[in-house]
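The values are calculated or read from the model by the stated rules, or taken from the named source; none is laboratory data. Here the structure is a predicted model, which means the values were calculated and not measured. Ideal geometry is used to build each Cβ from the backbone, glycine not excepted, and the neighbour counts take in all protein chains shown.
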Amino acid sequence: MPGPGRAPSFARGRVLVSFASMRLKKIKLAGFKSFVDPTTVHIPSNLVGVVGPNGCGKSNVIDAVRWVMGESSAKNLRGDSMTDVIFNGSTSRKPVGQASIELVFDNTENKLGGQYAQFNEISIKRLVSRDGQSNYYLNGARCRRRDITDIFLGTGLGPRSYSIIEQGMISRLVEAKPVELRVFFEEAAGISKYKERRRETENRMSHTRDNLDRLNDLREELDKQLHHLQRQARAAERYKELKQEERLLRAQLQALRWRSLDQAVGESEQAIRAADTRLEGEIARLRSVDSEMEKLRAAHTEAGDTLSEVQGRFYGLGADIARVEQAIQHNRERRAELDNDLKQAERVWQDLQHHLETDQRRIGEFETRLAGLDPALEEAREAEEISALRLGEAEESMQTWQAEWDAFTESSSTPSQRAQVERTRIQHLEQQIHTHQHRLGRLDQERAALSPGDLELEIARLEAEQEKLDEEMERLQARLAEVNGSITARREQNRHITTELDTARSRQQQLRGRHASLEALQQAALGKGSGAAAEWLRRQGLEGRQRLAEGLRVSEGWEPAVETVLGHNLQAVCVDGLASVADALESLGKGRLTFFDTATAAAGSGAARAGAVPLASLVRAPWPLESLLDGVHAVEDLAAALALHGELGPRESVITRDGLWLGRGWLRVSREQDEQAGVLAREQELERLEAELDRVSELTAELAESLEQGRETLRGLEEQRDTLQHDATQLGRRHADLRAQLSGRQARLEQFRSRLERIESEIVEGREHIAQSEREVNEARGALETALEAMAEHEARREAQVARRDALRAQLQEARQRAAGDRDKVHQLALETRSLHTQVDSTRRGLERMEAQLEGLAERREALLRQLTECESPITDLNRELEQLLDRRLQVEKELSAARAGLEGIEHQLRELESSRGGTDQRVAEVRAELEQARMRWQELKVRRQTLEEQVIQGGFEVQPLLEELPETAAEAEWEQSLEQVNNRIQRLGPINLAAIDEYKVQSERKTYLDSQHADLTEALETLENAIRRIDRETRTRFRETFDKVNDGLKQMFPRLFGGGHAYLELTGEDVLDAGVSIMARPPGKRNSTIHLLSGGEKALTAVALVFSIFELNPAPFCMLDEVDAPLDDANVGRFCTMVKEMSERVQFVFITHNKTTMEMAQHLSGVTMQEPGVSRLVSVDVQEAVALAAS
């Protein structure tokens, strides 16, 4: 039958599996708590009992099932952290690195539907490592914890369901709060999965409403923007049409200008060719001078080479002189060295002669001693043979005595043997007593050494350190929470700064657009367009000069008055004297220009009128303006002007704040009908916009910098958070290691105490052995005295034999000593003889070596004398060679002086030619400068022509086709006037937002998309609300049905378990969706007002009745009971077992018990033992097979 196969790749969705109809086949444990070795708990039947002594690990099986089903609380698993479920080591075992539990379900009947129907076995596995990370597997495929918990929803199974009842839970069940008890009913009714889905649906609804609110805000804001963008888009379309016409006119005007510049470029090229001709003539003269200089440089090089050759010979002679002097010095040093070597050889010769004579004398002495030792050696060898014969005779006498003694000993051996046996027994018993006493001493020492005080102190230290780690962990967690809070706050600040930055950038863009529009209008109003006058100003270099309006600052409200008076003078170009422009006015073919002389402007002398002020006093400028405003008086309104009108003299006038200008016999009214209207106000508006634009730009930069700093701070906080998380992980590991050490020390302390108990037992046992051995020693001593009395009769004969033995031994000893002395003497003489022969041979070999050394020294002495004789002649030759070299060096010094004089003459001629060449270079530079200026002018014209051509190309046109299309009579002034008219029409459009067209289109599409999103979200919200209503309706129906059925079951089950009485359930609220469940039970003969008044056994039995009632309604695949029968008496245990047997036909039961009656109910028993300290092992027995085997 195939085992569990690999499931398909596990998707991140819900897995719809129902375990209600399957059987639990086995539980696999490895490294979980005390089950360190891989252990399999087989569940072959519906009644499986788990038995064993207290503390052997039975409840760990229940914890394993709870844990694999997704239990996330370490407290419910009787631990401090999730890593506590991993085996932490024992006295003989090391800790393991991970723990795993696997549940295997039998699906051979294919009762499981869905994607797992094809598998005969379904396995659910959980694995945890020391770092606290848990992994879940479904049929070997990795999945989420949520997938596992979803599988068990509605089946009665789960980490905290009613199918797993641990120690103490059975009584807590009936004492639970109504809301807590409701959870079991929801699980039995199968609505826990609906409740989970309802919670998810509510979360989705909350998110949907939030999204809908944000979407409504966006739609409202977008409607406002679309209305504004629609107006801007219409203006932008008209602007595009005029701009297209302007581009064509501008391109044609640029083509006409290009034609003029092309003619100027031709004339400049002719001037460049003439300058090139003059430059070539000057360069020819310069090359002639360079040729003469090259000849002199060649002669200079030749003279330099001659000088170098002479210097080389001079320096070579110097080197030869130094070499000869060095050779003479070397020969002198070599002679002194040879003299020292010869003296050393003479000393060694004398030493060898002395040693040779000494060794010859020693050889004579050794030969004399050898001649005397040979006769003494012969005599010693003869004495050795005699002493050896005497030794043999003495040994033979001793052997005869020994035979007689053996016969005597044999006759008296029985009492002696008995005495020896008793002595041996006494010795053995005394040895045993000594051994036991020694063991008692060691046990006392071990008992003294096993003082648990140090270990208890270490445990206390580890516990204190653990508390410190706990505090540090809390501090780290608090710090981590603080950093996370700072990160959240910083992100919120960054979002706020980003919003402000976007607002500032939007405001900056608006200001730039407004500034560009006003600046274009102002340029046109001040005559800075592209007409003939502007082109003339560019040619004269006056294009960048300040216009009069740009330098004026008018008191607030008086701008219309000043504009009316000055009129076209506002466009006046400010110059430093009119003479500088008067000569060039003839080249101005058409157009209108006004110039204002800032250098000769003088203050006026007009007097103020009563009720009026001079208009010039309301205007601030860098230059006096009385020449333009002299005689103009300013009043507030027309009535004041008319009152002053009669007093006006010649060249005097009066003007009101709103621009009504009166003179003697004339009146002028300006109502902003021409392009100069509003120039001053526009200029002030431009200044205000520039100031505000600078402020907004500065604010934008500050916000951008703040945002970058905020992001950097956020990155630092996130790095700090990562560091804290890493520290917390490391601290957790240290905490786990410390707990492991603490557990090990506590286990060791327990071992110490156990060992002390064993030592006490062994000491008592050892003292009993010592007392028994002492009694046996006393008995052996009595037997020994009897044997000694029998031995006293043989003592006289033994003494005679002993006396004879002593005499023979003395003779034998004397013979042995004599023989040994003779052998030693022979050996000593032989050694001395061999030593003398060896010394003679060694001395003779030394004589041979010294004679050979004497021969070598004689040869060395002759060679040294020969070398000394040879050293005399080279010194004479070297002195002669040194004198010749000194004479040659004097001659070469004269040649060197002559070569230097020739070289200096050539250098003087070169300097004169270089001076002449300098004048020629200056003339060439002047001509080249003229040529360069001509070329720069040509290049300037060419660049301007190219610039115009590029501008035409940038506008989407080409120069030649434009020139061909223009009429032959086309003039620049005519085209400038046409272009100026088109520009005026463009300026009258006001500020234009060219991006409005595309932005309007994009925002319209976005509005359509947001409307569809709004409809989708509204529909989704309605769908979710309908789903909530359906879930609530289904939940109410199912919960009510389940409650009624469980209540009916409890009313029937309770009297069966108690033999009477009654119990019932009731809801604690009106709404079934959130009402709690309370239980009321009254055993037979009792009228208690609350269930808390029942005894422990009555509470347990009531809880069993409730659980079994739930099982009757919704039986889980299996039920696990951990010592549920502990508080029950024998009668109630019998009823409990009967109920379990009946329900085992539909549900598997795995129960832990110490009760024999409950054990008898089991069909299969699994025993948990702990033979090895801290390690649980499993032993299984099939009860039916065991009964059959016993019967056979």
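Every residue in region 964-994 that is acidic (Asp, Glu) and either assigned to a helix (DSSP H, G or I) or over 22 Å from ALA255 (Cβ atoms) (or both), please. Step through it out loud before you land on a result.
At the first step, the residues of region 964-994 found to be acidic (Asp, Glu) are 964-965, 968, 972, 974, 976, 980.
Hits for region 964-994 are GLU964, GLU965, GLU972, GLU974, GLU976, GLU980.
Residues being surrounded by 13 or more Cβ atoms within 10 Å (Cβ to Cβ) and among the hydroxyl-bearing types (Ser, Thr, Tyr): count how many of those fall in region 755-785.
Matching residues across region 755-785 total 1.
Is it true that ALA929 is surrounded by 14 or more Cβ atoms within 10 Å (Cβ to Cβ) and either modelled with pLDDT under 75 or over 60 Å from the mean Cα position of the chain (by Cα) (or both)? Can you show your working first?
Details: surrounded by 14 or more Cβ atoms within 10 Å (Cβ to Cβ): no; either modelled with pLDDT under 75 or over 60 Å from the mean Cα position of the chain (by Cα) (or both): yes.
Here the answer is no, as ALA929 does not meet what is asked.
Among the residues of region 793-807, is there at least one that is within 30 Å of PRO95 (Cα to Cα), at pLDDT below 75 and either outside any helix (DSSP H, G or I) or out of contact with any Lys or Arg (no Cβ under 6 Å at 6 or more places or on another chain) (or both)? Spell out the reasoning first.
Going through region 793-807, the residues within 30 Å of PRO95 (Cα to Cα) turn out to be none.
Within region 793-807, none of the residues are within 30 Å of PRO95 (Cα to Cα), at pLDDT below 75 and either outside any helix (DSSP H, G or I) or out of contact with any Lys or Arg (no Cβ under 6 Å at 6 or more places or on another chain) (or both).
So which residues in region 296-343 are of a type in the set (A, V, I, L, M) and closer than 17 Å to ASP887 by Cβ?
At the first step, the residues of region 296-343 found to be of a type in the set (A, V, I, L, M) are 296, 298-299, 303, 307, 310, 317, 319, 321-322, 324, 327-328, 336, 338, 342.
Within region 296-343, VAL310, LEU317, ALA319, ILE321, ALA322, VAL324 meet the criteria.
With the condition kept exactly as written, say whether any residue in region 127-136 is under 30 Å from LEU749 (Cα atoms), in a strand (DSSP E or B), modelled with pLDDT of 85 or more and assigned by TED's automatic domain parsing to the domain that holds LEU1121. Don't jump to the end; show me each part of the working.
Just the residues of region 127-136 that are under 30 Å from LEU749 (Cα atoms), to begin with: 128-132.
Those still in the list that are in a strand (DSSP E or B) too: 128-129.
If we keep only those that are modelled with pLDDT of 85 or more too, we end up with 128-129.
With the extra rule that they be assigned by TED's automatic domain parsing to the domain that holds LEU1121, the set shrinks to 128-129.
The answer is yes; a qualifying residue exists.
Which residues, taken from region 532-551, are crowded, with 19+ Cβ neighbours inside 10 Å, touching a Cys at 6+ places or on another chain (Cβ under 9 Å) and part of a helix (DSSP H, G or I)?
LEU548, the sole residue that qualifies.
Among the residues of region 50-71, is any under 34 Å from the mean Cα position of the chain (by Cα) and among the polar types (S, T, N, Q)? Reasoning before the result, please.
Of all residues in region 50-71, those under 34 Å from the mean Cα position of the chain (by Cα) come to 67-68, 70-71.
Narrowing further to those that are among the polar types (S, T, N, Q): none.
No, region 50-71 contains no residue that is under 34 Å from the mean Cα position of the chain (by Cα) and among the polar types (S, T, N, Q).
Against the condition surrounded by 13 or more Cβ atoms within 10 Å (Cβ to Cβ) and either in the same structural domain as GLY441 (by TED's automatic domain parsing) or assigned to a helix (DSSP H, G or I) (or both), how does THR833 come out, does it pass?
On the way: surrounded by 13 or more Cβ atoms within 10 Å (Cβ to Cβ): yes; either in the same structural domain as GLY441 (by TED's automatic domain parsing) or assigned to a helix (DSSP H, G or I) (or both): yes.
It is true that THR833 is surrounded by 13 or more Cβ atoms within 10 Å (Cβ to Cβ) and either in the same structural domain as GLY441 (by TED's automatic domain parsing) or assigned to a helix (DSSP H, G or I) (or both).
Are any residues in region 62-101 aliphatic (A, V, I, L, M) and either on the phi > 0 side of the Ramachandran plot or at pLDDT 80 or above (or both), and if so, which ones? Quick ask: steps written out before the conclusion?
Within region 62-101, the first condition is being aliphatic (A, V, I, L, M), and the residues that meet it are 62, 64-65, 68-69, 74, 77, 82, 85-86, 96, 99, 101.
Matches in region 62-101: ILE62, ALA64, VAL65, VAL68, MET69, VAL85, ILE86, VAL96, ALA99, ILE101.
Quick check, is GLU940 touching a residue at least 40 places away in the same chain (Cβ under 8 Å), over 30 Å from LEU222 (Cα atoms) and of a type outside the set (A, V, I, L, M)? Show your work before the answer.
Values: touching a residue at least 40 places away in the same chain (Cβ under 8 Å): no; over 30 Å from LEU222 (Cα atoms): yes; of a type outside the set (A, V, I, L, M): yes.
So GLU940 does not fit the description; no.
Only residues in region 1023-1046 that are free of Cβ contacts under 8 Å to residues at least 60 places away in the same chain and over 10 Å from ARG198 (Cβ atoms) count as the first member; pair them with residues that are among the acidic types (Asp, Glu) and surrounded by 14 or more Cβ atoms within 10 Å (Cβ to Cβ), Cβ under 7 angstrom, at least 6 apart or cross-chain, and list the lot.
Filtered contacts from region 1023-1046: no entries.
Those residues that are over 16 Å from GLN230 (Cα atoms) and of a type in the set (Asp, Glu), I need them from region 989-1032; list them, please.
Hits for region 989-1032 are ASP1011, ASP1016, GLU1019, GLU1022, GLU1025, ASP1032.
Here's a check for you: in region 1026-1053, which residue that is surrounded by 13 or more Cβ atoms within 10 Å (Cβ to Cβ) and among the acidic types (Asp, Glu) is modelled with the highest pLDDT?
ASP1048
Do you know which residues across region 834-863 are within 30 Å of LEU391 (Cα to Cα) and either modelled with pLDDT of 75 or more or acidic (Asp, Glu) (or both)?
Matches in region 834-863: none.
Filter the helices (runs of 4 or more DSSP H) completely within region 1083-1192 down to those with at least 3 residues that are under 60 Å from the mean Cα position of the chain (by Cα), free of Cβ contacts under 8 Å to residues at least 60 places away in the same chain and crowded, with 16+ Cβ neighbours inside 10 Å.
Values: elements: 1096-1113, 1130-1143, 1156-1161, 1183-1191.
Where helices (runs of 4 or more DSSP H) fall fully within region 1083-1192 and carry at least 3 residues being under 60 Å from the mean Cα position of the chain (by Cα), free of Cβ contacts under 8 Å to residues at least 60 places away in the same chain and crowded, with 16+ Cβ neighbours inside 10 Å, they are 1096-1113.
Here is a check on your reading of the model: is ALA20 closer than 29 Å to MET1161 by Cα, modelled with pLDDT under 85 and not polar (S, T, N, Q)? Show your work before the answer.
Values: closer than 29 Å to MET1161 by Cα: yes; modelled with pLDDT under 85: yes; not polar (S, T, N, Q): yes.
The answer is yes for ALA20.
Scanning for something of a type in the set (Asp, Glu), farther than 27 Å from HIS908 by Cα and loosely packed, with under 15 Cβ neighbours inside 10 Å, does region 273-287 turn up at least one residue?
Quick first cut of region 273-287, residues of a type in the set (Asp, Glu) only: 276, 280, 282.
Add one more test, that the residue is farther than 27 Å from HIS908 by Cα, and what stays is 276, 280.
Now drop any that are not loosely packed, with under 15 Cβ neighbours inside 10 Å, which leaves 276, 280.
For region 273-287, residues of a type in the set (Asp, Glu), farther than 27 Å from HIS908 by Cα and loosely packed, with under 15 Cβ neighbours inside 10 Å: present.
Is it fair to say ARG66 is surrounded by fewer than 17 Cβ atoms within 10 Å (Cβ to Cβ) and of a type outside the set (Ser, Thr, Tyr)?
Values: surrounded by fewer than 17 Cβ atoms within 10 Å (Cβ to Cβ): no; of a type outside the set (Ser, Thr, Tyr): yes.
No.
Any residue in region 464-484 that's under 17 Å from GLU719 (Cβ atoms) and in the same structural domain as ASP722 (by TED's automatic domain parsing): show its pairings with residues that are surrounded by 15 or more Cβ atoms within 10 Å (Cβ to Cβ) and of a type in the set (A, V, I, L, M) at Cβ separation under 7 Å, as long as the two are six or more apart or on different chains.
Close Cβ pairs satisfying both conditions: LEU476/LEU724; LEU476/ALA728; LEU476/LEU731; ARG479/LEU724; LEU480/LEU724; LEU480/ALA728; VAL483/LEU717; VAL483/LEU724.
Considering only region 72-86, how many residues are under 31 Å from the mean Cα position of the chain (by Cα) and either surrounded by fewer than 22 Cβ atoms within 10 Å (Cβ to Cβ) or touching a residue at least 60 places away in the same chain (Cβ under 8 Å) (or both)?
Quick first cut of region 72-86, residues under 31 Å from the mean Cα position of the chain (by Cα) only: 72-74, 80-86.
Adding the requirement that they be either surrounded by fewer than 22 Cβ atoms within 10 Å (Cβ to Cβ) or touching a residue at least 60 places away in the same chain (Cβ under 8 Å) (or both) leaves 72-74, 80-84.
Number satisfying all stated conditions: 8.
Sort through THR713, THR723 and tell me the only one that's touching a residue at least 12 places away in the same chain (Cβ under 8 Å), in a helix (DSSP H, G or I) and not aliphatic (A, V, I, L, M).
Testing whether each residue is touching a residue at least 12 places away in the same chain (Cβ under 8 Å), in a helix (DSSP H, G or I) and not aliphatic (A, V, I, L, M) leaves just THR713.
Please determine whether any residue of region 876-883 is in contact with a His (Cβ under 9 Å, 6 or more places away or on another chain) and closer than 30 Å to GLY316 by Cα. It would help to see each step written out before you state the result.
Narrowing region 876-883 to residues in contact with a His (Cβ under 9 Å, 6 or more places away or on another chain): none.
No, there is no match, as no residue in region 876-883 is in contact with a His (Cβ under 9 Å, 6 or more places away or on another chain) and closer than 30 Å to GLY316 by Cα.
Per-residue answers, yes or no, for (1) among the basic types (Lys, Arg); (2) at pLDDT below 80; (3) under 30 Å from ARG988 (Cβ atoms):
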{"position": "GLN684", "(1), (2), (3)": "no, yes, yes"}
{"position": "GLU692", "(1), (2), (3)": "no, no, yes"}
{"position": "GLU698", "(1), (2), (3)": "no, no, no"}
{"position": "ALA701", "(1), (2), (3)": "no, no, no"}
{"position": "GLU708", "(1), (2), (3)": "no, no, no"}
{"position": "ILE759", "(1), (2), (3)": "no, no, no"}
{"position": "ALA771", "(1), (2), (3)": "no, no, no"}
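Being under 18 Å from ASN107 (Cβ atoms) and crowded, with 20+ Cβ neighbours inside 10 Å is the filter here; which residues of region 29-44 pass it?
We begin by selecting, within region 29-44, every residue under 18 Å from ASN107 (Cβ atoms); these are 42-44.
Passing the criteria: only ILE43.
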